[in-house]
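Step one of this worksheet: look at the structure below.
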Amino acid sequence: MPAVFLKDRALLLISGAEAQSFLQNLITTDIISLAPDQARPGALLTPQGKILFDFMIWPDGDGYTIETDTGQRDGLLKRLAMYKLRAAVTLTPRGEEGVTVSWGEDAEGVRDSQGVRDSRFAKAGVTLIRRPGKHGDGAEALYDALRISHGIVTSGPDFALQDAFPHDVLMDFNGGLSFRKGCYVGQEVVSRMHHRGTARRRVVTVSAATALPETGTEITAAGKPVGTLGSVDGDHGLAIVRIDRAGAAMAAGTPLLAGQTPVSLVLPEWSGLVFPTSADEASA
């Protein structure tokens, strides 16, 4: 069973009598329905509906733990404090540094020892457990290869904060975006996208017969941009692409290129999405 320590992850504890209502009215995730041993993705959006901060969140005592990128922690803490006002909520960094992720046949035993199940991987049929602190020394590349193979993105290599909508990174399918819990920051925009079916950019897995070019390489069809290559693991990678443009190119037999490298694109099976064959057929 791999156990990989992700050193660049940081933890915040949001506790207090009003922690649940405070977060429920602020972030994209429906935390009321969270099981005690479940971690879901989430985001704090801009008023325009784009992802300002992304994270994992799970129940912790009378509150919740948020796991985010180390580079986002201070900014997220400051933004949460701005919304706090007089709410009976305490916002504190947790003492642990980093997070260990474990998966494979022994992962259930790890979950019994204060681990939480990552709902994104569960959607893809993989039991992956997240635990605060260092509990293993597996190569981080193993985790990257796993998430790439299952179409699970992370901010930084795969998308830029304040540039992507939750739909772009499949949060409407992985449990990170609620359309039933009521208002939160940016809710009107993402709800409108969802109900009008206007989401066009989606996560795909990318494969090639040779090694893929570097992260940030443009993917094109007939010289026109389709998307941008994100995380890369040899001849496999992730990208966020315009599925209407990619679908039309594939239907017409037009080669898709990452730089000069011919590539194939596949939508994650767990999303249930298919490529449209024309712009009019693109849907969420």
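The values are calculated or read from the model by the stated rules, or taken from the named source; none is laboratory data. Keep in mind the model is a prediction, meaning the values are calculated, not measured. Methodologically, a virtual Cβ is constructed for each residue, glycine included, from the backbone with ideal geometry; neighbour enumeration extends over all protein chains shown. Accessible surface is based on the protein model in full, side chains and every heavy atom, while ligands, DNA and RNA are left aside. Shrake-Rupley method; radii C 1.70, N 1.55, O 1.52, S 1.80 Å.
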Exercise. Would you mind computing Rg(Cα) / (2.2 N^0.38 Å) for region 128-167, counting N as its residues?
Key: 1.42
Quiz item: Rg and Dmax of the chain, using alpha carbons, in Å: what are they?
Solution: 18.9, 59
Practice problem: State whether region 146-185 is rounded, prolate or oblate according to the following rule on the C-alpha gyration tensor (a ≥ b ≥ c being the square roots of its eigenvalues): a/c under 1.5 gives rounded; otherwise a/b larger than b/c gives prolate, and the remaining case gives oblate. | Solution: oblate
Quiz item: With contacts defined as alpha carbon pairs under 8 Å and 6 or more residues apart, what's the relative contact order of region 130-284 in percent?
Solution: 25 percent
Quiz item: Looking at this model, which pairs from 123/181; 50/134; 50/181; 50/123; 78/123; 50/78 are more than 26 angstrom apart at the alpha-carbon?
Solution: 50/134; 78/123
Quiz item: Against the longest alpha carbon principal axis of the chain, how many degrees, from 0 to 90 and to the nearest 10, is the axis of helix 187-196 turned?
Solution: 40 degrees
Exercise. Compute the signed sum of charges (Lys and Arg +1, Asp and Glu -1) over the other residues within less than 15 Å, Cβ to Cβ, of residue 22.
Key: 0
Practice problem: Show me 215-228, 9-22 ranked by packing, highest mean number of other Cβ atoms within 10 Å first. | Solution: 9-22, 215-228
Self-check item: Neighbourhood net charge (15 Å Cβ-Cβ; Lys/Arg +1, Asp/Glu -1) for residue 187
Solution: +2
Exercise. Quote the relative contact order of region 158-207 in percent (integer), defining contacts as alpha-carbon pairs under 8 Å separated by 6+ residues.
Key: 49 percent
Self-check item: Relative contact order of the chain, pairs being alpha-carbon contacts under 8 Å that are 6 or more residues apart, as %
Solution: 20 percent
Quiz item: What part of the accessible area of the chain, given as a whole %, is carbon or sulfur when the probe is 1.4 angstrom?
Solution: 49 percent
Quiz item: Given the C-alpha centroids of region 149-208 and region 227-276, what is the distance between them in whole angstrom?
Solution: 17 Å
Quiz item: Does region 17-101 classify as rounded, prolate or oblate by the C-alpha gyration tensor (a ≥ b ≥ c root eigenvalues; a/c under 1.5 gives rounded; else a/b over b/c gives prolate, otherwise oblate)?
Solution: rounded
Practice problem: Send over a whole-number figure in Å² for the accessible area per residue of region 6-146, probe 1.4 Å. | Solution: 44 Å²
Quiz item: So what is the calculated 222 nm ellipticity per residue for the chain, using -39500 (n - 2.57) for each DSSP H run with n of 4 or more, over all residues, to the nearest 500 deg cm²/dmol?
Solution: -6000 deg cm²/dmol
Quiz item: For residue 213, what charge total do you get from the other residues with a beta carbon under 14 Å from its beta carbon, if Lys and Arg give +1 and Asp and Glu give -1?
Solution: -4
